[in-house]
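Below: the structure, in structure tokens.
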Amino acid sequence: MPKAKKSLGQNFLIDPLVIDQIIKHVNPDLTNQFLEIGPGKGAITERLINTVREIHAVEIDGGLLKKLSQFQNNGNFHLHNKSILDFELDEMGDKDLRIIGNLPYNISTPIMLWSFKNLSFFKDMHFMFQKEFGDRLVSENNKKSFGRISVITQYLTKPKFCFLIEPESFSPQPKVESVFIRFEPIKGRSFDDPITDKLQEVTRIAFMHKRKMIGKSLQKILSENELSQLNIDTKARPENLSVKDYVKIAEMLA
Ligand code: SAH
């Protein structure tokens with residue numbers, strides 16, 4: 001067996017009970033078309049393959065292709081040897097894709113951005129992350145974990161924390177706990193609509209100085225008066241505003 005490559009974030013799942021839990025939460029059926037990011041040695045793939053219509057698996061590591069090609073006998077398995085970040089969905093046609101991935105943790109942020117840009121193709125997304133990163137995606141306001149990516153994620157999707165996974169469930173073991181999260185895209189919202197654009201701008205400015213009052217941080221783009229009109233406390237810190245507050249600001253500016 002090839003050695004796990006740290007640079008590609010390879011932590012292979014080895015705990016069958018965790019894979020059971022994943023399958024239970026994803027609840028696949030024979031009408032579903034799946035896109036799997038980083039199938040690795042196929043720990044999740046082998047449990048999905050007979051219960052779904054089709055799987056497209058995108059794996060960057062050529063050293064794993066031999067192992068993964070065993071699934072090709074099934075007829076519903078398509079292997080793409082490239083980075084998910086270069087994978088174009090246009091040719092796939094289906095607008096109801098379900099994505100799943102025990103993601104390479106070192107590129108979680110770029111993969112989330114890639115997912116947001118392609119959101120209209122997806123019925124839902126199920127991802128595994130390092131706990132600290134996952135916490136930021138699902139975080140409510142008034143918490144340390146609340147930041148730009150919480151706002152953008154929760155504007156575009158409805159995230160749901162599913163369960164925690166201990167390092168012992170992987171080989172090699174990561175240093176930290178992991179989480180499994182489900183995301184449902186919110187209809188009518190997209191990464192390139194004007195509100196998302198403004199949300200990005202506003203959150204970038206607001207979270208640049210976490211201790212600064214929001215009225216002061218945002219004064220170049222919005223007066224304290226306008227913030228008060230939106231029922232937002234100008235003395236609040238950026239992590240005190242809710243996603244709804246940020247959306248109200250973005251709507252006013254868009
Ligand atoms: N799903 C498997 C493997 C998880 S490890 C399991 O649960 O056991 C993460 C996997 O993502 C590895 O196989 C790694 O090679 C792959 N990977 C890393 N960077 C990638 C990228 N940019 N695009 C696609 N796959 C990638």
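Please report the net charge: other residues with Cβ closer than 14 Å to the Cβ of Tyr105, K and R +1, D and E -1.
Details: positive: Lys5, Lys6, Lys131, Arg136, Lys175; negative: Glu132, Asp135, Glu177.
That works out to +2.
Based on DSSP H runs of at least 4 residues, each adding -39500 (n - 2.57), what is the mean residue ellipticity at 222 nm of the chain after dividing by all its residues, to the nearest 500 deg cm²/dmol? Walk me through the intermediate numbers first.
Working: 10 runs with 80 residues, N = 254.
Roughly -8500 deg cm²/dmol at 222 nm, from the helical runs in the chain.
Would you mind getting the accessible area per residue of the range 1-61, heavy atoms of the protein chains only, 1.4 Å probe, in Å²? Could you put the intermediate results ahead of the total?
Working: 2960 Å² over 61 residues.
On a per-residue basis, the range 1-61 sits at 49 Å².
Report D for the range 194-253 in µm² per second (integer): Stokes-Einstein, Kirkwood Rh on Cα pairs, 20 °C, 1.002 mPa s. Don't skip to the end; give the middle numbers.
Values: Rh = 11.0 Å.
The Stokes-Einstein estimate is 194 µm²/s.
Mind checking which of Gly42, Gly62, Gly101 has the largest fluctuation in a GNM of the chain, springs on alpha carbons under 10 Å?
Gly62
Test of understanding: in a Gaussian network model of the chain with alpha carbons linked when under 10 Å, which of Met92, Met128, Met112 would top the mean-square fluctuation ranking?
It is Met92.
What relative contact order, as a whole-number percentage, does the range 138-184 give when Cα pairs under 8 Å and 6 or more residues apart are counted? Please list the in-between numbers first.
On the way: 51 pairs, mean separation 16.0, N = 47.
The normalised contact order for the range 138-184 reaches 34 percent.
Rank these by accessible area, largest first, 1.4 Å probe: Tyr246, Tyr105.
On the way: Tyr246 0, Tyr105 30 Å².
Listed by decreasing accessible area, they come as Tyr105, Tyr246.
So how tilted is helix 194-206 from the main axis of the chain? Cα-based, degrees 0 to 90, rounded to 10.
Rounded to the nearest ten degrees, it is 70.
If you count only protein heavy atoms with a 1.4 Å probe, what accessible area per residue comes out for the range 194-253, rounded to a whole Å²? Each step should come with its number before you reach the end.
Working: 3300 Å² over 60 residues.
Here the per-residue accessible area is 55 Å².
Before I look further, what does the range 106-166 give for accessible area per residue, probe 1.4 Å, in whole square angstrom? Mind showing how you got there, number by number?
Working: 2600 Å² over 61 residues.
In whole numbers, the range 106-166 has 43 Å² accessible per residue.
Around Ile186, which amide H atoms from residues at least 5 apart in sequence, or from another chain, sit under 5 Å from its own amide H, with H modelled in the peptide plane?
Amide H to amide H, under 5 Å and 5 or more residues apart or across chains, Ile186 pairs with Thr157, Lys158.
With the full set of protein chains in place, find how many percent of the accessible area of the range 73-121 is carbon and sulfur; take the probe as 1.4 Å. Before the final figure, lay out the partial values.
On the way: 1020 of 2240 Å².
For the range 73-121, the apolar C and S fraction of the accessible surface comes to 45 percent.
Does anyone have the angle between helix 243-253 and the longest principal axis of the chain? Alpha-carbon axes, 0 to 90°, nearest 10?
On a 0 to 90 degree scale, this one is about 60.
Using the Cα gyration tensor of the chain, with a ≥ b ≥ c the square roots of its eigenvalues, what is the shape: rounded (a/c below 1.5), prolate (a/b larger than b/c) or oblate (neither)?
Values: a/c = 2.52, a/b = 1.93, b/c = 1.31.
Prolate, because a/c is 1.5 or more and a/b exceeds b/c.
Whenever you get a sec, compute what percent of the accessible area on the range 124-254 sits on carbon and sulfur atoms (1.4 Å probe). Spell out each step's value before the answer.
Working: 3160 of 6710 Å².
Taking all protein chains in place, the range 124-254 shows 47 percent carbon and sulfur surface.
Taking H placed 1.01 Å from N in the peptide plane, check which residues at least 5 places from Phe170 or on another chain put their amide H under 5 Å from its amide H.
Amide H neighbours of Phe170: Ile14.
Provide the gained length on full extension for the span Lys220 to Asp193, in nm with one decimal, where the gain is 0.36 nm per separating residue minus the Cα-Cα distance.
Values: separation 27, 0.36 × 27 = 9.72 nm, distance 2.24 nm.
This chain segment gains 7.5 nm when fully extended.
Calculate the length of the line joining the C-alpha centroid of the range 1-80 to that of the range 204-254, in whole Å.
43
Using alpha-carbon pairs under 8 Å, 6+ residues apart, how would you state the relative contact order of the range 19-149 in percent? Could you put the intermediate results ahead of the total?
Details: 188 pairs, mean separation 28.7, N = 131.
Computed value for the range 19-149: 22 percent relative contact order.
For the cross-link pairs Lys3/Lys41; Lys117/Lys160; Lys158/Lys235; Lys123/Lys210; Lys66/Lys160, which exceed 23 Å when the distance is taken from alpha carbon to alpha carbon?
On the way: Lys3/Lys41 11 Å; Lys117/Lys160 20 Å; Lys158/Lys235 29 Å; Lys123/Lys210 35 Å; Lys66/Lys160 35 Å.
Violating the 23 Å limit, Cα to Cα: Lys158/Lys235; Lys123/Lys210; Lys66/Lys160.
Indicate, rounded to the nearest 5 percent, the antiparallel portion of the DSSP beta bridges found entirely in the chain.
Details: 16 of 35 bridges.
Counting only bridges with both partners in the chain, antiparallel ones make up about 45 percent.
Top mean-square fluctuation among Phe180, Phe87, Phe34, Gaussian network model of the chain, C-alpha springs under 10 Å?
Checking each option, the largest mean-square fluctuation is seen for Phe87.
Per-residue HN-Hα couplings for the range 111-126, Karplus 6.51 cos²θ - 1.76 cosθ + 1.60 at θ = phi - 60°, whole Hz, x for Gly and Pro?
5, 5, 5, 4, 5, 4, 5, 9, 3, 5, 7, 10, 7, 7, 9, 10
Tell me, what HN-Hα J-couplings in whole Hz come from the Karplus equation 6.51 cos²θ - 1.76 cosθ + 1.60 at θ = phi - 60° for each residue of the range 26-35, using x for Gly and Pro?
6, 6, x, 9, 5, 8, 7, 10, 10, 10
Please compute the contact order of the chain in relative form: average sequence separation of alpha-carbon pairs under 8 Å and at least six residues apart, divided by the residue count, as a percent.
Working: 440 pairs, mean separation 41.3, N = 254.
Computed over the chain, the figure is 16 percent.
Quick one: 3J(HN,Hα) in Hz for the range 157-168, Karplus 6.51/-1.76/1.60 with θ = phi - 60°, rounded, Gly and Pro as x.
The phi angles translate into 9, 9, x, 9, 5, 9, 6, 9, 10, 7, x, 5 Hz.
The values are calculated or read from the model by the stated rules, or taken from the named source; none is laboratory data. Values in this document were obtained by computation on a predicted structure and should not be read as measured data. Neighbour counts are summed over all protein chains in view; Cβ atoms, including those assigned to glycine, are modelled from backbone coordinates with ideal geometry. Accessible surface areas use protein heavy atoms only, side chains included; no ligands, DNA or RNA. Shrake-Rupley method; radii C 1.70, N 1.55, O 1.52, S 1.80 Å.
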